[in-house]
Every structure is written in C-alpha cells, then in structure tokens.
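Below: the structure, in structure tokens.
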Amino acid sequence: MSSYYHYLREIVRNALLTMLENKRRTLLTTLGIVIGVSAVIIINGIGAGAQGLIVGQVKKLGSNLLGVLPGKSESNGPPATAMGISITTLTYEDAMAVKDKRNVPNVIGVVPYSRGSATVSWRGVQTEASLSGCSVDYIAVEGGEVETGRFFSEIEDRDLARVAVLGSAVKSEIFGDNDPIGQNIKIKNQTFEVIGVMTERGQVAFQNYDEYVFLPINTMQHLIAGVRYIGLMRVKIDDEKNTEAAINDIILTLRERHDITDKTGASDDFSVRSAAQALDIITSITDALRYFLAGMAALSLLVGGIGIMNIMLIRVAQRTREIGLRKAVGATNNDIKLHFLVESIMITLVGGVIGIIIGETVSWLIAIVAQYLGYDWPFTILPLTILLAVGVSMAVGLLFGLYPAVKASKLSPMEALRYE
Amino acid sequence: MSKQQLANKPLIEVRDLIKDYGEGELITKVLFGVSFQVFQGDFVAIMGPSGSGKSTLMHILGFLDKATGGQYLFEGHNVTGLDDDALAIMRNQRIGFVFQSFNLLPRTTVLENVMLPLVYARNKKVDAVKAATAVLESVGLGHRLDYYTNQISGGEKQRVAIARALVNQPAVIFADEPTGNLDSKSGIQIMRILQDLNEQGNTIILVTHETSTGEHAKRIIRIKDGKLESDKPVAKRRLAKNEDTLAK
Ligand SMILES: Nc1ncnc2c1ncn2[C@@H]1O[C@H](COP(=O)(O)OP(=O)(O)OP(=O)(O)O)[C@@H](O)[C@H]1O
Ligand SMILES: [Mg+2]
C-alpha cells in the first residue's frame with residue numbers, strides 16, 4: 001500500500017529536526033525575513049492607522065460639506081493656498097451669492113473665512129491666538145456649540161461690531177476660572193467684548209477649533225486684517241447625494257460673478273471640493289506612501305532571501321554524504337529537492353511568523369501610544385496582511401531555496417557517497 | 001520471470017564494462033572491459049589492491065553510477081541506459097547497500113534508519129514499522145529499536161545498515177568493505193550474518209581487499225588495474241559460525 005502521508009510527514013519531520021539541530025543558526029538565518037516581514041507589517045500598520053486618523057478627522061467635518069478655495073488648483077493636488085500663497089479672488093459677496101438659494105438650491109449655509117493671528121490680552125494676560133473671522137452660519141455649517149453666552153448675530157457682523165467668541169482653550173488660557181462674558185479684551189489694540197465661549201471640540205480636520213477666537217468676518221476684514229478677500233468658504237448642502245449638483249451650481253454662480261466664459265474650467269480662479277474628494281486625495285497619497293515603504297521592506301526580504309540561499313548552499317555541502325546515502329536507498333532527484341525546499345520554506349515560514357508577531361506587536365504599541373496621546377488611531381489585525389506575510393515568506397523560501405535544492409538533487413550518488 | 005529461468009539466466013551480467021572518470025586530458029580510466037556473471041543465490045567477493053576499481057565496479061552494479069561503455073544486464077534486462085529516476089527505483093526496490101562507514105543518519109533512531117528505504121517507497125507507516133522491526137530482529141537488534149545511532153556500537157551500527165539493506169527484500173546486497181571499520185570480533189559477526197543471509201537465498205556481492213574476509217564468499221573475482229584477473233570458486237571456504245575473530 002502506498003502512502004504519501006507517511007512520506008510527506010517524514011520530509012517535514014526531517015526538516016524540523018535539522019532546523020532544531022541548528023536552532024541558533026536557523027534563527028540567525030531568518031533574521032532578514034523577520035526584519036522584512038515585521039517592517040512591512042509595521043509600515044502597513046502605521047499607514048492604516050494614519051489613514052484612519054485622517055479619514056476620521058475629515059469625516060468629523062461631515063460629508064455634506066463642500067469647500068470653495070480661491071485660485072485654480074489641480075484637482076488631485078493640494079490647493080495653492082496650502083502652500084502659503086494668498087490668492088484674492090474670493091470675496092464675502094461671493095459667499096453671499098452662493099448662499100442664495102436661487103443660485104444654489106441645495107445650500108443650507110455658507111461660512112466665509114478670513115483668518116489671521118494676533119495678540120489677545122486681558123488685564124495683562126497675553127497670548128498669541130488664531131483669529132477666525134466667520135459668519136453666523138459657522139454654527140450651522142461646522143456644527144460648533146456655544147457653551148456660555150451666545151454667538152454673534154448677523155446684524156453685529158454687518159455693523160462691524162467689536163464682539164468676540166472664544167474657543168475653550170483660549171478662554172482657559174486668558175481667563176482661567178473667571179467668567180469672561182461681558183469682559184473687554186484687546187485684540188490688536190482694539191477693544192472687543194467677549195460675548196460667548198465655545199464648547200470644547202478637539203481636533204477636526206487637523207485644526208484645533210478650541211484655540212480660535214471667532215470674530216464677525218466683516219469686523220475681521222475691515223478692522224483687523226484690512227483685506228477684502230476671504231481665504232475659504234465652507235458650504236453645507238442638504239444631502240450628500242446632491243454634492244455633484246451643488247458643486248456645479250456653485251461653479252456656475254462664481255463664473256458668472258467673475259465674468260468667466262470659459263466652460264472648460266481651465267480659467268476658473270477658484271476651486272470647489274467635496275469632503276469625499278478630499279478623502280480620496282488623502283487616501284491616494286497615503287496609499288502611495290505605503291506602497292513605496294512596503295517596496296523598501298520588500299527589498300529587505302530580498303536580502304533575507306539571499307541569506308537563505310547561502311545557508312542552504314552550505315547545508316547542501318555539509319550534508320553531501322547524507323544526500324548520497326538517501327539516494328543509495330532510493331531517494332529520487334525530486335525527493336532530495338523536496339527535502340531541501342521544505343527545509344528552506346520552513347525556515348522562512350518561521351521567520352515570517354516571528355516577523356508577524358513582532359510587526360503586529362509594534363503596530364499595536366504605536367497605536368496604544370497614539371491613542372494615549374489623544375489621537376483616534378485605529379489598530380486592526382488584517383487577516384489579509386497575515387496571509388500575505390505568510391505567503392510572501394514562504395515564497396521567499398521557495399524562490400531562494402530552489403537553486404540549492406536543485407543543486408542537491410543533481411549530485412551524483414556515487415560522488416556524494418565518496419565525499420569526505 | 002519464473003524460478004526455472006532465473007536459475008538458468010544470470011541475475012547480473014556485465015560485458016566489457018568500461019568506466020572512465022572525467023574527460024579529455026583529465027580522463028582517468030578505471031575499468032577496462034570487465035565481464036562476468038552473478039547468479040541468484042551466489043556469494044561473490046570482489047577483491048583486488050587499493051585503487052584497482054572495486055568500489056567503482058560495485059557502484060555501477062548497484063546503480064549508483066553509470067558505466068562509460070559495455071553492457072549491463074540485470075535480471076535479464078538491459079539496464080545500461082536507464083535515467084536517474086529509473087536508477088533510483090532500482091536502488092530502492094532491487095538493491096541493498098552496506099558501506100564501510102555505516103552511513104546511518106545522525107540523531108535518528110535505529111528503527112527510523114531502517115525504515116528509510118520504505119519512506120521513499122511511499123509505504124504506509126504501519127507497514128514500514130512492521131517490516132523494519134522484523135529485519136532488525138533478524139540481525140539481533142530487536143532490543144535497540146528506539147536507540148539513537150550515536151548510542152550503539154560500531155558492530156551494531158553495521159547490523160543496522162544490514163537491516164536497512166534487507167528491508168526492501170532486494171535482489172542483491174552489496175557490501176563495500178563492511179568490516180573495514182570494525183574490530184575483528186564485530187567483523188566476524190557481520191560475516192556470519194552475511195553468510196546466514198546467503199544461506200537463506202540472498203545474493204551477496206562483497207567488496208574487500210582482505211583475503212581472509214573474501215574467503216567467506218563462495219567465489220572470488222579478482223580485479224587488477226581495472227581488469228578481471230581471475231574468477232574462481234573459494235577452495236577452502238571460511239565459515240564465520242566456526243570462527244571467533246576475523247583474521248586480518
Ligand atoms: N570521482 C572520481 N574521479 C576521478 N577518479 C576517480 C573517482 N572515483 C574514483 N576514482 C579513481 O578510480 C580508481 C579506482 O577507485 P576505486 O574507489 O574504485 O578503488 P578501490 O578498488 O575501491 O580502492 P580501495 O580498496 O582503496 O577502496 C582510483 O584510482 C581512483 O582515484
Ligand atoms: Mg573502495
């Protein structure tokens with residue numbers, strides 16, 4: 001009765017025995033694989049974690065938000081304003097036109113922003129704060145909440161009222177436990193009345209809203225910044241489904257206002273983005289980074305593979321007489337090949353498993369630290385990653401074990417037995 | 001092939017066997033046209049001085065190496081041009097080897113060593129264990145099955161090697177200087193086992209350069225400088241069961 005089971009079991013057992021026989025050398029041999037596999041897993045873990053973090057941040061904004069930026073920008077690249085260039089093509093009036101339901105039927109609210117920074121002081125306490133000139137719609141569009149006092153009104157905005165609403169962090173910094181409502185603070189040497197404090201919000205899209213001082217945008221433009229243009233407007237629409245229609249309406253409205261007749265978009269001096277688009281861009285950037293780094297890690301697998309090949313060649317030489325004996329009792333060339341292939345695959349598999357354990361542990365620790373630091377950093381063990389790591393390490397064993405195995409299988413039994 | 005035919009036809013027949021090692025300027029000519037026959041149940045000693053080509057001849061007869069010229073018929077079939085896989089199957093199914101240096105696997109038990117040919121024959125484990133245990137018992141090692149090969153004496157090692165050679169019930173057992181690494185007492189035990197096996201009908205080809213060892217065979221083929229010098233029956237055969245030590 002023939003039985004492949006016994007045969008295969010013996011081959012695996014024999015490989016295990018020779019591995020155990022040289023425990024330390026086996027582990028040393030797998031080092032390249034361990035480093036390669038764990039690096040791939042750590043890089044992927046960091047990539048996935050960072051991506052999760054970014055996506056989470058952007059999602060907090062809400063998926064029915066659109067952004068309108070001044071200046072034309074490549075649809076896949078970062079906006080020009082992100083490079084620190086100020087572009088003056090968008091105005092408060094543009095924002096009001098977009099807010100008009102006759103122009104953009106799906107609009108719910110529009111916030112134009114004019115941002116800057118200035119020294120803010122109260123009774124000798126000074127701090128450098130970010131100023132955010134915005135419209136009343138800030139609450140509706142961005143979803144902020146007022147903790148004490150109130151937000152400014154449309155009339156105060158129109159009348160250039162000197163009122164300020166503080167982010168929670170600014171409030172604590174300047175006022176500590178004192179009640180700030182009704183107090184006068186100085187911003188750029190002008191007196192403002194504090195009328196409200198915002199509820200703590202944390203990071204949203206990598207901006208800490210708690211560190212802002214909110215002013216009516218007209219007050220900001222005329223009394224502080226001395227500019228007419230706005231840096232950004234955010235548009236909230238009724239439903240994510242209508243994103244495309246709303247983007248189109250906004251584009252048409254602004255083209256008309258800016259006397260742009262070119263319908264291709266090439267002459268636009270503004271760009272409209274949806275949160276979904278932003279997500280796509282971010283995802284594609286982080287993906288590219290991940291693939292690049294994973295490629296680097298793959299290089300270390302290659303180095304590991306060459307190490308395996310070397311060790312296997314040494315083992316073939318050391319075991320020449322044994323190969324001769326095995327052939328003498330009837331092992332075919334394929335039997336010998338299988339012996340060495342199974343051994344090299346098992347060595348790389350061990351390396352792969354150690355690499356997976358180290359990689360996942362480090363990824364987990366990074367996530368723990370990031371979460372401890374307050375980031376929304378997810379950690380997940382993906383079965384696909386594990387499977388891939390196992391597959392790749394076995395493939396390295398197969399690939400780099402092949403040459404030594406073939407070499408062993410081709411030994412003449414007579415010469416192998418005569419080998420001293 | 002029937003028993004009748006086997007009795008008439010030689011088990012092994014070589015005609016004008018030639019063996020060269022290497023090629024061109026580096027050529028070493030080892031065998032120059034050797035011809036002889038070995039019949040079923042024979043016990044042949046191949047003798048000759050060192051370097052005369054004894055091992056080379058045995059390697060060719062045992063399918064470990066291929067001849068450069070001449071013909072080799074095994075069990076009536078021309079096996080001169082067999083490929084590697086066919087040779088491996090012949091070694092596995094028809095041949096048993098015993099070497100001077102035992103060639104046992106280290107860190108492996110006695111039983112596992114003897115089972116090795118059956119592993120490559122893809123036998124079931126139960127069958128392999130049964131067959132290996134039986135041959136080990138027949139060479140007096142039934143009590144050493146689970147010993148590791150580094151835990152037994154030289155004589156016992158060679159008995160393990162004989163058991164391994166027997167386990168596939170081969171047509172021929174080749175033994176190349178099987179007593180070369182043993183003291184004379186263990187040596188005679190090995191010769192006794194070989195003689196007993198021959199009594200039971202096994203064909204044995206023994207390579208040795210010791211006349212006293214060769215005289216345990218029924219027939220001596222002498223090789224000198226790669227040529228057959230003589231092929232004679234042993235006039236006064238030595239019987240290991242009547243000896244205490246192997247004379248050198
Ligand atoms: N692989 C080889 N390449 C070249 N020459 C070889 C090779 N193997 C053996 N020889 C030569 O063939 C000749 C016969 O060798 P062989 O081993 O058959 O001799 P032997 O009769 O068994 O000797 P001994 O009694 O010392 O074992 C020797 O001269 C040896 O140098
Ligand atoms: Mg020899």
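The values are calculated or read from the model by the stated rules, or taken from the named source; none is laboratory data. Here the structure is a predicted model, which is why all the values come from computation and not from measurement. Ideal geometry is used to build each Cβ from the backbone, glycine not excepted, and the neighbour counts take in all protein chains shown. For the accessible areas, the whole protein counts, side chains as well, though only heavy atoms, and no ligand, DNA or RNA atoms are used. Shrake-Rupley method; radii C 1.70, N 1.55, O 1.52, S 1.80 Å.
List of remarks:
- Stretch gain in nm, segment A:Val362-A:Val12, where the contour uses 0.36 nm per residue and the Cα spacing is subtracted: 122.9 nm
- Measuring nothing but protein heavy atoms, the accessible surface of the stretch A:88-268 at 1.4 Å probe radius is 45 percent carbon and sulfur.
- Mean separation of Cα contacts under 8 Å, 6 or more apart, over the residue count of the stretch A:88-268: relative contact order %: 31 percent
- Residues along the stretch A:374-420 losing 10 Å² or more of accessible surface when the other protein chains are present rather than the chain by itself (probe 1.4 Å): A:Pro413, A:Met414, A:Leu417, A:Arg418
- For the stretch A:88-268, DSSP calls about 75 percent of its internal beta bridges antiparallel.
- Euclidean distance of C-alpha centroids, the stretch B:106-134 and the stretch A:114-192, integer Å: 88 Å
- Chain B: angle of helix B:110-120 to the longest principal axis, Cα-based, in degrees nearest 10: 50 degrees
- Karplus 3J(HN,Hα) series, Hz, for the stretch A:381-398 with 6.51 cos²θ - 1.76 cosθ + 1.60 (x for Gly, Pro): 8, 8, x, 5, 4, 4, 4, 5, 5, 4, x, 5, 5, 5, 5, 4, x, 5
- Listed residue pairs exceeding 30 Å between alpha carbons, taken from A:Lys337/B:Lys185; B:Lys19/B:Lys236; B:Lys9/B:Lys227; B:Lys185/B:Lys236: A:Lys337/B:Lys185; B:Lys19/B:Lys236
- Estimated FRET transfer efficiency when R0 is 41 angstrom, pair B:Asp244-B:Phe39 (beta carbons, to 0.05): 0.85
- Angle of helix A:333-372 to the longest C-alpha principal axis of chain A, folded into 0 to 90 degrees and rounded to 10: 20°.
- Charge context of A:Gly401, other residues only, Cβ under 12 angstrom, K/R +1, D/E -1: +2
- Label-point separation in nm, A:Met394 to B:Asp85, each point 7 Å along Cα→Cβ: 2.5 nm
- Tilt relative to chain B, helix B:184-199 - C-alpha long axis, 0 to 90 degrees, to 10: 80 degrees
- Summary of the geometry: the stretch B:198-233 and the stretch A:353-389, compared by the centres of their Cα atoms, lie 71 Å apart.
- Multiplying the residue separation of A:Asn310 and A:Tyr4 by 0.36 nm and removing their Cα-Cα distance gives an extension gain of 107.1 nm.
- Distance between the pseudo-spin-label points of B:Asn78 and A:Asn208 (7 Å out from Cα toward the beta carbon): 9.3 nm.
- If R0 is 25 Å, the Cβ-Cβ spacing of B:Thr28 and B:Gln169 corresponds to a FRET efficiency of close to 0.10.
- Helix-only [θ]222 nm of the protein assembly as shown, DSSP H runs n ≥ 4, -39500 (n - 2.57) each, per residue, nearest 500: -15000 deg cm²/dmol
- Accessible surface, per residue, of the stretch A:146-267 when the full set of protein chains is kept, probe 1.4 Å, Å²: 50 Å²
- Taken along the Cα-to-beta-carbon direction at a fixed 7 Å, the label points for A:Tyr291 and A:Leu373 span 2.8 nm.
- Interface size, chains A and B: roughly 2700 Å² of accessible area buried, both sides included, 1.4 Å probe, rounded to the nearest 100.
- Calculated accessible area for the stretch A:285-348 comes out at 39 Å² per residue, all protein chains present (probe 1.4 Å; ligands, DNA, RNA ignored).
- Full extension of the segment from A:Ala140 to A:Asn178, taken as 0.36 nm per residue of separation minus the current Cα-Cα distance, would add 10.9 nm.
- Those lysines that a straight Cα-Cα span of less than 24 Å connects to A:Lys171, excepting residues fewer than 8 apart in one chain: A:Lys60, A:Lys186, A:Lys188
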